[in-house]
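A quick write-up on the structure given underneath.
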Number of protein chains: 4
Amino acid sequence: MRNARLPPLETNGAPVPSDPDFAARVSGSFARQGAMSHLGARLTKVAPGAVEIRLPYRSEVAQQHGFFHGGVVATIGDSAAGYAGYSLMPADASVLTVEYKINLVAPAKGQELVARGRVVKPGRTLTVTVAEIFAVEQGRETLCAVMQQTLICLPGRADGPPSGQVIGESGNP
Amino acid sequence: MRNARLPPLETNGAPVPSDPDFAARVSGSFARQGAMSHLGARLTKVAPGAVEIRLPYRSEVAQQHGFFHGGVVATIGDSAAGYAGYSLMPADASVLTVEYKINLVAPAKGQELVARGRVVKPGRTLTVTVAEIFAVEQGRETLCAVMQQTLICLPGRADGPPSGQVIGESGNP
Amino acid sequence: MRNARLPPLETNGAPVPSDPDFAARVSGSFARQGAMSHLGARLTKVAPGAVEIRLPYRSEVAQQHGFFHGGVVATIGDSAAGYAGYSLMPADASVLTVEYKINLVAPAKGQELVARGRVVKPGRTLTVTVAEIFAVEQGRETLCAVMQQTLICLPGRADGPPSGQVIGESGNP
Amino acid sequence: MRNARLPPLETNGAPVPSDPDFAARVSGSFARQGAMSHLGARLTKVAPGAVEIRLPYRSEVAQQHGFFHGGVVATIGDSAAGYAGYSLMPADASVLTVEYKINLVAPAKGQELVARGRVVKPGRTLTVTVAEIFAVEQGRETLCAVMQQTLICLPGRADGPPSGQVIGESGNP
């Protein structure tokens, strides 16, 4: 359980992914996610069990006071944590979000959102992750949400069109 | 605690709202929510402590397989539960989502999403709510997510432009 | 998803359990639970997908002000919801709590605690449940906590000593 | 939001508590908690925004297979996270658990449980915390649960008998 205490994106001591091509697999799945590109989100870091996603501000992701909308904050947190878990799964697996809990701790005000997800406990079937979501204003990060998430690994269902199921979808296998 | 067992939207035995104009207040706040109209969501029922929101399918709220996106499911659940809580708050109050937990239990496949939120425990400062989100396909509802949420009431900050804070924003007063 | 709207313990329209002896199986597992008998809890109702547990007040389950301790409230909620899920699982299966979220909404003051769990969404692998926990004072029930829970079904591991795994234990298969 | 990335119990860069006597205040409240002493729990570290609690194994806290019971795991996690939050609150304040979410990720098997709570976001009214709970076997720690928690600060109600309210109690002010 060494990785339980890792700071985000640190790779020293991180788990060894079963799929050596995990980074390409995560990037490919992210690229196929219509919702992420629709929002304008970019995958900015991928490490074993840790993923960072950034989302620049624009009016489509704002609420009326000019902050990032809470639903958008949850969505990129869900994706960052979900892809962190997916990075440690087998090459032929797909992943679904089982559930998450999110605390919204400050208004998401700034030029950019940064979501950092990491795996707390990988498992053959279930993986537990956390994410922190920060708003970046003038280069300064302010924590605006924290998330704790459960993922399920679906082996033998590679995450690709047309049959794949991906993060952001859900089910109850 | 009578309302803890009320089925959604039943008004018999429901709590008496402190603001007799609660329905107009909820509708007004919903109308000012850019995000809800941006998604195409409609407020279809308002009762004391219970709110229903419907969202027709369109490509902007879908993921690549043609289902409603998980982030959209969470967003309308958050709003339905949040407005259910808001309906019981004083006329001069604003409301923020403190946190929620959501289980995604089936793919959100259909022509429409319906989110039904209701108050489990109202309080002067904190209110606890739940929401069920259904996908409607050929008129048949399938449960796709369940949510349990905590709200905070901010008295003396009426929910209107330009100073108001609304559901979908967040903070940690 | 008909059962998503069932009131607790109502059997009309409830799911048909795959194991016709579900009630005996639930009772047997409950009886083997050292923790439940240690607390003095009793299994008072078992229906398909719905279970009620009652716990009389005594000093061992109290905190210093004479209320039921929050950990005890969570424990019987976890058990009631867990056994509700277990009632719908195959005869040879075991069950583990994956996670839960609990809101503590009022002091648990009274002569008895009543926890009512019910299944919101059964599944082959994962089951989602909710529980309401009430304190009973002079015969009047006051809601003191609400819980939303995820269970995992472990087929082929019947819940009996010495090999079985039971509710209240946990793991990450 | 510096503390959002602090490793547990590190004090460098940690928030400055408003009450310089925070450690004595936390210890005093812990000592008055009947439930903690009943379980045999010890408060082993107190830093600003970070608390550690240890619980040696004994039959009273076990389930039938000789592991720590899930309810006990949740209880000491709730306390460690709650006291972490309480350490940053004003001297005359009391604290209540609003809600928490816990993932049980491995059987709690060992000679001791260690719960480490820390503050993710302090606030005047609400504080968000996390806790990790480990089972210690032959000196080796295994993560068995992770928790994300919301606390409410009740100013002007010092946590002492007979009027005080403490962690483990709950309410909905």
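Read-outs: derived from the displayed coordinates by stated rules, not from any lab. If you're wondering where the values come from, they're calculated on a predicted model, not measured in any experiment. As a convention, Cβ positions derive from the backbone with ideal geometry for all residues, glycine included, and neighbour counts pool all protein chains shown.
Sorting B:K45, D:K101 on the 10 Å Cβ count, fewest up front, what's the list? Show your work: numbers first, answer last.
Numbers: B:K45 15, D:K101 26.
Least to most surrounded, the residues fall as B:K45, D:K101.
What does the structure give for D:91-101 when I average, per residue, the other chain Cβ atoms found within 10 Å of the residue Cβ? Kindly include the intermediate steps, with their values, before the conclusion.
Working: counts 0, 0, 0, 0, 0, 4, 5, 10, 18, 9, 17.
What the average comes to for D:91-101 is 6.
Can you sort B:T44, D:T129 by how many other beta carbons sit within 10 Å, fewest first?
Neighbour counts put them in this order, fewest first: B:T44, D:T129.
How much length is gained if the chain between C:A24 and C:D92 is pulled fully straight, taking 0.36 nm per residue apart and subtracting their Cα-Cα distance, in nm to one decimal?
23.2 nm
Give me the base-10 log of I(q)/I(0) for region D:8-121 at each q in 0.16, 0.20, 0.23 Å⁻¹, Debye formula, one uniform scatterer per Cα, rounded to two decimals.
The Cα Debye sum returns log10 ratios of -0.72, -1.06, -1.30.
Mind checking which lysines have their Cα closer than 30 Å to the Cα of B:K45? Skip sequence neighbours fewer than 8 apart in that chain.
Answer for B:K45, where 30 Å is the Cα cut-off: A:K101, B:K101, B:K109, B:K121, C:K101, C:K121, listed by chain and number.
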